[in-house]
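Structure, as structure tokens:
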Amino acid sequence: MAQPGSANIVAFPGRKPGQVGFQRDELTKILDVYGRMVAAGHWRDYAMDFTKDVATFAAFVRHAERPQARIEKRPTLRGKQGMWTLFGEHGQVLKRGHELAGVLAPLERRLLKAVED
């Protein structure tokens, strides 16, 4: 039985041990941008994928198409170019970095442009 104030980590049901995932604060930042893009009419759907090497969040205009943006978390690249990568619709790397907020910046700028139009 857990003691008050102690932190127990409980695996997500169906999640395999050793699988890369998003922490709560990371997912909150990603879903915040996603929600604002939905409200602006840019995105309508999303998908997440978790493997032993990478966690992926993909945003779609329509689910049957390619993702318009894809955010990947690869912890093995933490010491190199950064574990976060933002990919565009055609698979091009738009931004890499050590901090999620910096990698999400191009999406934030696009959102600001949409509001100004």
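Laboratory data are not the source of any read-out in this text; all were calculated from the coordinates shown. Predicted model, so just to flag it, every value in this text is computed and none were measured. Please note: Cβ atoms are built from the backbone with ideal geometry, for glycine as well, and neighbour counts cover all protein chains shown.
Mind grabbing the base-10 log of I(q)/I(0) for the range 24-116 at q = 0.14, 0.20, 0.21 Å⁻¹? Debye formula, identical points on the C-alpha positions, no solvent, two decimal places. Log10 I(q)/I(0), no solvent term: -0.47, -0.98, -1.08. Residue 85 sits among other residues whose Cβ lies under 13 Å from its own Cβ, and their net charge, with Lys and Arg +1 and Asp and Glu -1, is +4. Count Lys and Arg as plus one, Asp and Glu as minus one, and take only other residues whose Cβ is under 14 Å from that of residue 97; the net charge is then +3. The residues 30, 71, when put in order of fewest to most other Cβ atoms within 10 Å, stand as 30, 71.
Once both labels are positioned 7 Å from their Cα atoms along Cα-to-Cβ, the gap between residue 26 and residue 45 label points is 2.5 nm. Let's test the formula: R0 of 30 Å, r as the Cβ-Cβ distance of residue 38 and residue 98. What FRET efficiency results, to the nearest 0.05? After rounding to 0.05, the efficiency reads 0.65.
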